[in-house]
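Student: For reference, the structure I am asking about is given below.
The values are calculated or read from the model by the stated rules, or taken from the named source; none is laboratory data. None of these values were measured; they are calculated from a predicted model. Note: ideal-geometry Cβ built from the backbone for every residue, glycine included; neighbour counts use all protein chains shown. Keep in mind that these areas ignore ligands, DNA and RNA; they rest on the heavy atoms of the full protein, side chains included. Shrake-Rupley method; radii C 1.70, N 1.55, O 1.52, S 1.80 Å.
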Amino acid sequence: ASGTLAIASNAFFILKFGTPGQQAVCMIISTVIIGAAMVGVVHNVSSLIHMHVEAFRKEQLKRFLSPELVEQINRDPSLLRRKTERRTATVLFTDIRGFTSFSESMEPERVVEFLNLFLEEMSSAILDHQGMLDKYIGDSVMGVFGAPIPIEDHAERAFKTALDMQNRAVRLNEQIKSMGLPQLSVGIGIHTGELLIGAIGSTRRMDYTVIGDTVNVASRVEGMTRRFPVEILMSQQTRDCLNNETVLYKIASVQVKNRKEAVILWSPDPPVDSETVSVPYLESDSVIEAVVPAKGSGQSPT
């Protein structure tokens, strides 16, 4: 605006006191300068808008992805296009044991306060280990490792996340105890396998998520933590991807609903001392064969 005003003032004096030739040259020069100034203004405004949009997109992505993944997606936005691809990855589910029962006796505001504290800690654990925060389902949190960016040690990262969640739950219990909130216990299930990942949904609403049998099994494995006295359970497929130094206990061989193959469950948590037992599985007529070592049996963790 200042540049345009200066040019206009200069043009006014030349037009009023200058010769016709000077007036013509002045008009041409003024037009060119004003045009260039307008182009510059438009470019600057466009750049500011673009920067704002990029910053907003990054901020939104950081809600679901670690900063490292956000940077990779920012460099290659095609990762979030409306397409799906097969990928081998590890899926993790965690939730609060007994959340429904004790939330019924709490005021809604206290339930939200309690739930937000839990979700904050569990979400941070996923993002801190470069996982994708896929979604919240009530008090359950779903994380994916190995997507959208492929990583070779996705199972290892998921396992470390589970251990981190355990530690965070212990610290969180110390915090919520002083707030008069009930103590929590978590269940964590992990499974590794092939799945589909991509932007899925309608043209008006889409989710970048994963689908497939691997997701279903991971959810079932997490549900099994209610049947056994351990907080973390993982499938044989996940165990096979971990390094040999990881100490794990074989907990059970289970028949999961709608799946022919049995799922062998492992845990870093030492099981309670008991003889081999069969426990009814509520979702089918099959049984769960628990193979935890008995006290004094001499059986060591694998």
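Student: Heavy-atom accessible area of Thr84 with all protein chains present, probe 1.4 Å, nearest 10 Å²?
Tutor: 70
Student: Turning to a different aspect of this structure: If each residue of separation counts as 0.36 nm, what is the full-extension length gain between Gln236 and Phe12 once their alpha-carbon separation is subtracted? Mind showing how you got there, number by number?
Tutor: Working: separation 224, 0.36 × 224 = 80.64 nm, distance 8.50 nm.
This chain segment gains 72.1 nm when fully extended.
Student: To continue, here is another question. Residue-wise, which Karplus ³J(HN,Hα) couplings in Hz belong to the range 146-160, taking 6.51 cos²θ - 1.76 cosθ + 1.60, θ = phi - 60°, and x for glycine or proline?
Tutor: For the range 146-160, the Karplus curve yields x, 8, x, 9, x, 9, 6, 9, 4, 5, 4, 5, 5, 5, 5 Hz.
Student: Another question, then. Going highest first, how would you order 97-110, 146-159 by mean Cβ packing within 10 Å?
Tutor: So the peptides 97-110, 146-159, ranked by packing, come out 146-159, 97-110.
Student: Still on this structure, I have one more. Quick one: what does P(r) look like for the range 183-267 with 10 Å bins over all Cα pairs, in whole %?
Tutor: 16, 43, 27, 12, 2
Student: Moving to a separate point now. As an exercise, use a Förster radius of 25 Å and the Cβ-Cβ distance of Glu174 and Glu245 to find the FRET efficiency, rounded to the nearest 0.05. Don't jump to the answer; show the numbers that get you there.
Tutor: Numbers: r = 30 Å, r/R0 = 1.20.
Computed FRET efficiency for Glu174 and Glu245: 0.25.
Student: Using Cα-Cα distances under 8 Å and only pairs 6 or more residues apart, what relative contact order does the range 230-274 have, in percent?
Tutor: Relative CO of the range 230-274 lands at 48 percent.
Student: With each pseudo-label sitting 7 Å past Cα toward Cβ, what's the Lys257-Thr84 distance in nm, one decimal?
Tutor: 2.2
Student: Ordered by packing density, taken as the mean number of other Cβ atoms within 10 Å over each peptide's residues, highest first, how do 29-39, 128-138, 183-193, 111-121 rank?
Tutor: On the way: 29-39: 12.9, 128-138: 18.5, 183-193: 22.5, 111-121: 15.9.
So the peptides 29-39, 128-138, 183-193, 111-121, ranked by packing, come out 183-193, 128-138, 111-121, 29-39.
Student: Sequence-distant or interchain residues sharing an amide H contact under 5 Å with Ile251, placed H: which?
Tutor: Those lying under 5 Å, H to H, from Ile251 are Leu265, Trp266, Ser267.
Student: At 7 Å along Cα-to-Cβ for each site, give me the label-to-label distance between Leu196 and Arg226 in nm.
Tutor: Here the modelled spin labels are 2.9 nm apart.
Student: Here is a follow-up. Send over a whole-number figure in Å² for the accessible area per residue of the range 80-160, probe 1.4 Å.
Tutor: On the way: 3800 Å² over 81 residues.
For the range 80-160, the per-residue accessible area is 47 Å².
Student: Now, a different point. Local charge sum around Phe93 (other residues, Cβ-Cβ under 10 Å, Lys/Arg +1, Asp/Glu -1)?
Tutor: -2
Student: I'd like the carbon and sulfur percentage of the solvent accessible area for the range 89-170, probe radius 1.4 Å, heavy atoms only, ligands and nucleic acids excluded.
Tutor: Numbers: 1710 of 3250 Å².
Roughly 53 percent of what the probe reaches on the range 89-170 is carbon or sulfur.
Student: Can you check what the Kirkwood hydrodynamic radius comes to for the range 106-208, Cα pairs only, in Å to one decimal?
Tutor: On the way: mean 1/r = 0.0660 Å⁻¹.
Mean inverse Cα-Cα distance, inverted, gives 15.1 Å.
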